[in-house]
Amino acid sequence: MMNEPENPSLHISGTITERDHKAAIRALGLRPFVKYTIIYVAVIVLITFGTSLHYSYSVIKDGYITFGECLRKIWVPLLFRSSAWYIAAGFLALYALIIFLIKPSLAGKRMRELYPEGFPVTYNFYGEQLVMQATTQMSDETIRIRYADVQRRIRENKYIIVLSTNQRNRFSVYKTVMTPEETITVMELLKARCPQHKLRHR
């Protein structure tokens, strides 16, 4: 175990509420939702264009229609009459329901059952590591994260900072227990001390 100085360079403590936890999970789901939306749209466009051009190849080759005219004939049904859009919209609506409503609600319910008064947490930033401590009536947990083990991508949104280590572990540092000034200080500290850092906002 690494020796720690008597006092950390930065000490932050507070209580994570059910509302904070649900908001953080909801925010984490935004990026994958946008990602899959783009993938669905791209797949529909590529399949529709590919199929239509395949069936129109001989007509274009024989000169009965130009390539540009063929594209114009494809665009209208693709944009306004393709049933694939309804299927994609259904899948995306279900996915949005799961990640923005169901998943946060279940996580909030579990937290409410385990920690009805909220989840008290302490962040101590030392010279070489971050020590996270959580003390409740049910448990007393301490997690140590060496800055050198943090992967180059540090994810950040309005509610949390997500640190991923080289051991494929992920840890959430809640910004909701910090003041705006403390949040700025924490981000500057992580950028300075995590040698592989690269911020990603989402």
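The values are calculated or read from the model by the stated rules, or taken from the named source; none is laboratory data. Note that this is a predicted model, so its numbers are computed, not measured. As a convention, Cβ positions derive from the backbone with ideal geometry for all residues, glycine included, and neighbour counts pool all protein chains shown. Remember, those area values only see protein heavy atoms, side chains included, never the ligands or the DNA or RNA. Shrake-Rupley method; radii C 1.70, N 1.55, O 1.52, S 1.80 Å.
What the table shows:
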{"read-out": "Matching entry among Ala148, Ala134 (being aliphatic (A, V, I, L, M), in contact (Cβ under 8 Å) with a residue 40 or more places away in the chain, in contact with an Asp or Glu (Cβ under 8 Å, 6 or more places away or on another chain) and farther than 26 Å from Pro32 by Cβ)", "value": "Ala148"}
{"read-out": "Pick from the range 15-38, criterion in contact with a helix residue (DSSP H, G or I) (Cβ under 9 Å, 6 or more places away or on another chain) and among the charged types (D, E, K, R), ranking: least open to solvent (accessible area, probe 1.4 Å)", "value": "Asp20"}
{"read-out": "Residues satisfying the stated conditions in the range 158-186, i.e. of a type in the set (Ser, Thr, Tyr) and open to solvent by 10 Å² or more (accessible area, probe 1.4 Å)", "value": "Tyr159, Ser164, Ser172, Tyr174, Thr176, Thr179, Thr183, Thr185"}
{"read-out": "Candidates Glu113, Glu182, Glu156, Glu117, filtered to the one that is touching a residue at least 40 places away in the same chain (Cβ under 8 Å), of a type in the set (Asp, Glu) and within 15 Å of Glu18 (Cβ to Cβ)", "value": "Glu117"}
{"read-out": "Conditions (1) among the hydroxyl-bearing types (Ser, Thr, Tyr); (2) open to solvent by 30 Å² or more (accessible area, probe 1.4 Å); (3) at pLDDT 90 or above: number failed by Tyr86", "value": "(3)"}
{"read-out": "Condition broken by Met111, with the remaining ones in (1) touching a helix residue (DSSP H, G or I) at 6+ places or on another chain (Cβ under 6 Å); (2) modelled with pLDDT under 85; (3) closer than 30 Å to Ile25 by Cα satisfied", "value": "(2)"}
{"read-out": "Strands (runs of 3 or more DSSP E) contained entirely in the range 89-157, each with at least 1 residues that are open to solvent by 50 Å² or more (accessible area, probe 1.4 Å) and not hydroxyl-bearing (Ser, Thr, Tyr)", "value": "129-135, 140-146, 154-156"}
{"read-out": "Residue that is farthest from the chain's Cα centre (by Cα) [pool: residues in the range 90-143 that are among the aromatic types (Phe, Trp, Tyr) and under 22 Å from Arg170 (Cα atoms)]", "value": "Tyr126"}
{"read-out": "Matching residues, the range 103-158, being polar (S, T, N, Q) and either farther than 23 Å from Thr185 by Cβ or touching a Cys at 6+ places or on another chain (Cβ under 9 Å) (or both)", "value": "Ser105, Thr135, Thr136, Gln137, Ser139, Gln151"}
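Residue-by-condition table, conditions (1) assigned to a helix (DSSP H, G or I); (2) at pLDDT 90 or above; (3) more than 30 Å from the chain's Cα centre (by Cα):
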| residue | (1), (2), (3) |
| --- | --- |
| Ile12 | no, yes, no |
| Ile39 | yes, no, no |
| Val43 | yes, no, no |
| Phe49 | yes, no, yes |
| His54 | yes, no, yes |
| Val59 | yes, no, yes |
| Cys70 | yes, no, yes |
